[in-house]
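The values are calculated or read from the model by the stated rules, or taken from the named source; none is laboratory data. Predicted model, so just to flag it, every value in this text is computed and none were measured. In this analysis, Cβ positions are derived from the backbone assuming ideal geometry, glycine residues included, and neighbour counts consider all displayed protein chains. Remember, those area values only see protein heavy atoms, side chains included, never the ligands or the DNA or RNA. Shrake-Rupley method; radii C 1.70, N 1.55, O 1.52, S 1.80 Å.
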Amino acid sequence: MTTTTKNGPLRDVLGDLRAVDGAVYAAVAATPTPALDMRLRVLSRTADHSKISFMVAAGLALVPGRPRRAALAGLGAIGLASASANLLGKRLVRRARPDREAARVEVSRHVPMPDSASFPSGHTASAVAFATAVGVVLPVAAAPLGILAGAVGYSRVHTGVHYPGDVVAGAVLGVVSATVALTVEASWTAAAKAK
């Protein structure tokens, strides 16, 4: 038999999701992974300000045709994802960052703790947006960029700066941002061809 509080079932569900989120975060923190710690810390830092995506976009932009279009679509998706995560999501939700000291996240995993709110993960939103947009325009890049985006998202939990739920929300935001960017790009391309 299930019970609900007087505040309603939605509040109960959100409370349960927060509990699962915290438990998964704690499980990641408690799992010894010395072979991964440095690598994921470096990946997380390298993904700051979408540096990895910008490097990939620069390489793609050197090749005319589809690769260049993919780079432009990916950059547009990053712009939308970053603005949505940092200017809207973090300001509206204002979720506190995890307490990685209390969770005993290994110091060897630490990256600087951002000052911004935790929800959603901007790193994940931008990485997934870029991977999705580029992957649609240039399918051969979809799998490697998707794996890279997933690794960036996981690295944010592994280093202790995000809860898993922040990363999931960032990934959803990334897919939505890529969809919008691709729709805009398609309408511009159709308008240019019509002239």
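Quick one: length gained pulling Val24 to Thr179 fully straight, 0.36 nm per residue minus the C-alpha distance? Working shown, then result.
Details: separation 155, 0.36 × 155 = 55.80 nm, distance 2.93 nm.
Taking Val24 through Thr179 to full extension adds about 52.9 nm, to one decimal.
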Using θ = phi - 60° and Karplus 6.51 cos²θ - 1.76 cosθ + 1.60, couplings along the stretch 107-123 (whole Hz; Gly, Pro as x)
4, 5, 8, 4, 10, x, 6, x, 7, 6, 5, 7, 10, x, 6, x, 4
Tell me, what is the 1.4 Å probe accessible area of Leu14, in Å² to the nearest 10?
80
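Using a cut-off of 14 Å between beta-carbons, work out the net charge of the residues near Val134 (Lys and Arg +1, Asp and Glu -1, Val134 not included).
Working: positive: Arg66, Arg68, Arg69; negative: Glu185.
Around Val134, the charge tally is +2.
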With Cα springs under 10 Å, the Gaussian network model of the chain assigns the largest mean-square fluctuation among Gly165, Gly153, Gly65 to Gly65
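Using a 1.4 angstrom probe with every protein chain in place, what is the largest-first accessible-area order of Ile78, Ile147?
Details: Ile78 10, Ile147 125 Å².
Most to least solvent-accessible, the answer reads Ile147, Ile78.
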Taking Rg and Dmax of the Cα atoms in Å as the quantity of interest, determine which of [x] 20.4, 70; [y] 18.5, 65; [z] 17.6, 57 was computed from the displayed structure.
[y]
Explain nothing, just compute: Karplus ³J(HN,Hα) = 6.51 cos²θ - 1.76 cosθ + 1.60, θ = phi - 60°, for every residue of the stretch 51-64 in order, whole Hz, x for Gly and Pro.
4, 5, 5, 5, 5, 5, 4, 4, x, 5, 5, 6, 9, x
Note, ³J(HN,Hα) from phi for the stretch 27-34, Karplus 6.51, -1.76, 1.60, rounded to Hz, x at Gly and Pro:
5, 4, 4, 7, 8, x, 9, x
How far is it, in nm, from the label point at Asn86 to the one at Val42 when both lie 7 Å from their Cα along the line to the Cβ?
2.5
Please build a GNM for the chain, connecting alpha carbons under 10 Å apart, and tell me which residue among Ala178, Ala19, Ala129 fluctuates the most.
Ala19
